[in-house]
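Take a look at the structure set out below.
The values are calculated or read from the model by the stated rules, or taken from the named source; none is laboratory data. Remember, it's a predicted structure, so these values are computed and weren't measured experimentally. Heads up, the Cβs are rebuilt from the backbone with ideal geometry, glycines too, and the neighbour counts pull from every protein chain shown.
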Amino acid sequence: MNFKNKNIVITGGTTGIGFATAQAFINAEANVWITGRNESNLEKAAAKINSSNLITVLADTSNMYGINALKEEIVSKKILIDTLYLNAGIAVFSGIEDVIEADFDAQFNTNVKGPFFTVQSLLPYLNEGGSIIFTSSTVATAANLNSSIYAATKSALNKIAQVVSNELVDRGIRVNVVSPGPIKTEGFDKVVKTEEAKTHLASSVALNRLGNPDEIARAVLFLASNNASYITGTELLVDGGYTTFARR
Ligand SMILES: NC(=O)c1ccc[n+]([C@@H]2O[C@H](COP(=O)([O-])OP(=O)(O)OC[C@H]3O[C@@H](n4cnc5c(N)ncnc54)[C@H](OP(=O)(O)O)[C@@H]3O)[C@@H](O)[C@H]2O)c1
């Protein structure tokens, strides 16, 4: 797949899935904008990718101030976006007794409000025939213990994607969701801390292993490409069979 002269915006592109996707788009010759909240993470990502086609934007897309900073960058470059990938997300796992308001708000702001208003504010700068992709999660349709708030944010995102896919058909903009299973990332390590927990999780996947970020990146590039020209309003599970695994 080649994305030469295509403009790709990725929220949360400094580590994990977003970083792997930025690298994959750069390898496919795209121009790529990545956001993150942390200047040093942005610098590290830029150094690793080491391409003049990569632009970093310091923007916390969980609030309107950060979303406006991203919008101003796009306006100043006078570009139209071909693919907008809403990937920034955080997860805090707690049982209902232990959920605190700050974690509830941070997850809804980062995982739902942020992507929604980022799409809304960048809509005028999206190319006709472009595409929007959201990172959701297998938890959106499962009911894993301690995931009530995180799962609710991803379910909300799935519904937003479905409705918006209908609202944007007239502009030829396809809207889809990628739902990863357990993927080895910096964010994953913060939530699943021990090797024992990782091994246990890997054994709940049909393919009997955790996924790699580039395996999600390849799915995102497919959905962004013309190979997916008849795909909109869908959720693509990239989970090694985690969702449907029947333990023998
Ligand atoms: N890894 C998994 O197993 C898994 C499974 C299902 C779904 N997901 C989803 O996949 C997405 C990426 O997760 P990951 O595992 O790759 O996590 P990660 O390694 O923690 O990466 C998250 C990225 O988002 C950025 N970010 C977080 N909050 C942000 C905000 N408010 N504004 C801008 N950037 C922000 C982070 O950079 P800074 O910290 O520098 O801001 C980082 O670049 C998330 O939506 C997550 O829910 C992950």
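Odds and ends about this structure:
- Residue match in segment 165-186 (condition: buried (at least 18 other Cβ atoms within 10 Å of the Cβ), among the polar types (S, T, N, Q), in contact with a Leu (Cβ under 8 Å, 6 or more places away or on another chain) and modelled with pLDDT of 95 or more): yes
- Pair list, Cβ under 9 Å, 6 or more apart: segment 45-70 residue of a type in the set (D, E, K, R), other residue outside any helix (DSSP H, G or I) and crowded, with 19+ Cβ neighbours inside 10 Å: Asp60/Thr35; Asp60/Gly36; Asp60/Ala88
- Scanning segment 75-103 for residues that are outside any loop (DSSP other than H, G, I, E, B), within 15 Å of the ligand (Cβ to nearest atom) and out of contact with any Pro (no Cβ under 8 Å at 6 or more places or on another chain) yields Leu84, Tyr85, Ala102, Asp103.
- Considering Asn176, Asn226, the condition of being closer than 18 Å to Ala24 by Cβ, of a type in the set (S, T, N, Q) and free of Cβ contacts under 8 Å to residues at least 12 places away in the same chain is satisfied by Asn226 alone.
- Single condition Ile34 does not satisfy, out of (1) closer than 21 Å to Ile216 by Cα; (2) near the ligand (Cβ under 9 Å from one of its atoms); (3) surrounded by fewer than 21 Cβ atoms within 10 Å (Cβ to Cβ): (3)
- For segment 130-149, a residue qualifies if it is within 21 Å of Ala219 (Cβ to Cβ), in contact with a helix residue (DSSP H, G or I) (Cβ under 8 Å, 6 or more places away or on another chain) and not in a strand (DSSP E or B), and the qualifying residues are Ser136, Ser137, Val139, Ala140, Thr141, Ala142.
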